Structure formats: structure tokens, C-alpha cells
Amino acid sequence: MFIRRLPRFEYHAPVTIPEALELMVRYGEKASVFAGGTDLLVAMKNREKVPEHLINLKGIASLKGIRFDEKKGLTLGALTTMAEVERSTLVKDKYRPLWDAVTMMASPQVRTLGTIGGNLCSAVPSADTAPPLMVLGASVKLVGPKGERSVLVESFFRGPKETVLQRNEMMTEISIPKPPDFAAGAYLKLMRRNALDLALVGVAAYLRFDSNKKICKEAKVALGAVAPTPIRVFEVEKALVDREVNESRAAEAGKAASVVCRPISDVRASLEYRCSMVEILAKRAIMEAFKRVSS
């Protein structure tokens with residue numbers, strides 16, 4: 001496919017959040033903000049987007065970094081790259097579903113550029129970080145000229161490439177609560193290739209057990225790439241709570257997930273295939289989460 005050069009634009013490099021917001025207000029719909037640019041710059045070359053002004057957020061130090069507080073939990077700056085999340089032993093040890101997701105995303109080169117905030121704000125149904133963050137109870141902080149607000153990740157998406165972000169509003173950080181005891185999760189992804197591919201199906205599961213690690217007290221399951229937005233599957237979660245988790249019950253949960261999903265048929269996979277894979281991956285993700293709790 002022929003890709004053209006970037007169209008002409010005026011470049012801006014703010015170093016503070018107020019400076020960035022002022023530029024967003026000044027140029028309005030003629031401007032686009034970016035950090036890694038892995039989605040936006042490709043769209044510009046394809047002339048899907050032709051902003052007259054580009055506002056680069058990379059120079060804003062307060063939007064970067066991984067921080068952990070024993071009471072509040074984990075905070076990821078919106079400009080934290082996938083590579084930084086991948087290298088974090090804290091994320092790997094305490095927030096394993098998210099670590100699972102970033103290790104399977106794109107290429108090492110793209111993970112070095114792409115940011116976790118950008119992956120969420122792109123709002124594509126196959127965004128890999130969305131299902132893990134949903135089951136981990138994550139929220140995002142959105143800041144605009146009228147102030148700031150917090151939105152759960154599961155409430156952030158409105159449709160394909162649509163979010164609750166208002167005009168002149170930007171994401172500044174992602175917050176994930178401290179994980180409870182006797183809990184673990186997993187994220188599994190089906191791709192046509194073993195790497196460098198979008199998800200045909202993505203499933204995240206997170207389970208919390210009693211102190212004996214036998215009875216599931218809380219369950220969260222989220223799906224990606226099988227509906228207009230990433231979705232929680234509450235029917236599956238209810239079927240697991242206050243019960244022992246085993247192969248049979250996980251299989252039943254997988255069947256329930258395959259009924260709830262709403263995939264499309266396209267050149268990459270059919271609706272029927274995606275539904276059948278939801279059933280299989282949901283079972284596997286639930287059993288992997290159970291295995292991690294038990295180990």
C-alpha cells in the first residue's frame with residue numbers, strides 16, 4: 001500500500017499541562033495531540049487525519065513515570081511507554097494481566113514509542129491494554145480547562161475510536177488500586193501470527209479467593225476485539241463468585257462469554273470463529289488466573 005509523506009503542519013512542544021491545554025483551546029479542531037505518534041502519524045500519511053497543528057506532549061515530565069503507593073496502588077503517567085511497563089518488575093509481580101498484554105503488543109520498536117495513554121485514547125476495539133485495566137479496576141484522570149475528573153476504564157469507551165474525552169481534554173494518568181490478597185489475573189490474546197499483530201480475540205480474567213484459595217469471592221472478566229468497545233462480561237463473573245474454580249466451571253464460563261460477545265466478520269476472522277475462540281480463551285484465562293493464585 002502506497003503511503004504518502006506527512007502533510008504540512010505547525011509543530012508545538014509544550015512542557016507543562018496548562019501550556020498544552022492552552023494550545024488545545026487556541027487551535028481547537030485544527031489541532032491533534034500526540035506522544036508516541038504510532039497511530040496518528042500513520043493516519044496522517046494516509047490522509048485519514050490532516051491536522052494543521054500537532055501538539056507533542058512528550059516534553060511534559062509530569063505525564064511520565066511509574067509510581068506505587070502502598071495505600072493508593074499503582075499510578076502510570078499517560079506517556080509511560082509500553083516498553084517501560086514491560087520492563088517493570090512491579091507491574092509483572094502485582095499487575096500481571098497488564099504485563100501479559102504489553103509483552104504481546106506490536107514490536108519492540110513500537111513498544112518503545114507507543115504510550116499506554118495513547119493506546120487507550122485510540123479506542124480501537126482491539127486495544128490490548130483495555131481488558132486488563134478493566135479487570136484490575138483501573139481509572140483514568142482526565143484534565144481540561146474546566147478542571148479534572150476520574151473515569152473508570154470500563155466507562156471510558158463509547159464506540160470504535162470514540163471515548164468520553166471532551167473537547168480540549170487530555171488524559172494525564174492511569175490509576176490501578178493495590179491488588180488484594182489471594183488474587184491474580186491473566187490476559188490471553190489470539191493472533192493470526194505469533195507477534196506483530198492485532199488481537200482477533202483478547203480475554204482478561206482476574207479472580208480473588210478466600211484465605212484458603214478455594215472459593216472465588218470476586219471475579220472480573222473482560223473481552224477485547226469482539227464488540228464495538230472492550231467489554232466486561234458480568235454474566236460470567238456472577239457464575240464464578242462463591243464457587244470453586246475448576247476446569248468444568250471455567251468451561252461453563254467460557255460458553256457464557258461466547259454468548260455475550262458481539263464480534264464482526266471481516267477479512268481477519270469470521271464472527272463464528274471469534275465467538276468460538278472467546279469460549280476457549282475465556283476458559284484458559286480463568287484457569288491461568290486460578291493457577292497463579294494457587295502457586
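Just so it is clear, none of the values below were taken in a lab; they were calculated from the coordinates. What you are looking at is a predicted structure, and each value in this text was computed from that prediction instead of being measured. All Cβ positions, glycine included, derive from the backbone under ideal geometry; neighbour counts span all protein chains shown.
Points to keep in mind about this one:
- Placing a pseudo-label 7 Å from each Cα along the Cα-to-Cβ vector at Arg193 and Val164 gives an inter-label distance of 3.6 nm.
- Unit charges at the beta carbon, dipole of the chain: most positive-side option, Ala183, Ser276, Val50: Val50
- Region 9-85: trypsin sites (Lys or Arg not before Pro) falling in loop per DSSP and having at most 15 other Cβ within 10 Å: Arg47, Lys49, Lys71, Lys72
- Taking 7 Å steps out from each Cα toward its Cβ at Ile215 and Asp242 produces label points 0.9 nm apart.
- Listed pairs Lys141/Lys189; Lys72/Lys214; Lys189/Lys255; Lys72/Lys141; Lys45/Lys161; Lys64/Lys141 exceeding 20 Å between Cα atoms: Lys141/Lys189; Lys72/Lys214
- Classified by the C-alpha gyration tensor, region 157-295 has an oblate form. Its axis ratio a/c, with a ≥ b ≥ c, is 1.5 or above, and a/b does not exceed b/c.
- Helix 17-27 and the long axis of the chain differ in direction by around 60°, with both axes built from C-alpha atoms.
- Region 61-176 - Rg and Dmax from Cα coordinates, angstrom: 13.2, 38
- Of the chymotrypsin sites (Phe, Trp or Tyr not before Pro) found in region 1-34, those that fall in a DSSP loop while having at most 14 other beta-carbon atoms within 10 Å are Phe2.
- Region 89-142: C-alpha gyration tensor shape, a/c 1.5 cut-off, then a/b vs b/c: oblate
- Taking Cα atoms only, the orientation of helix 247-260 departs from the longest principal axis of the chain by about 40 degrees.
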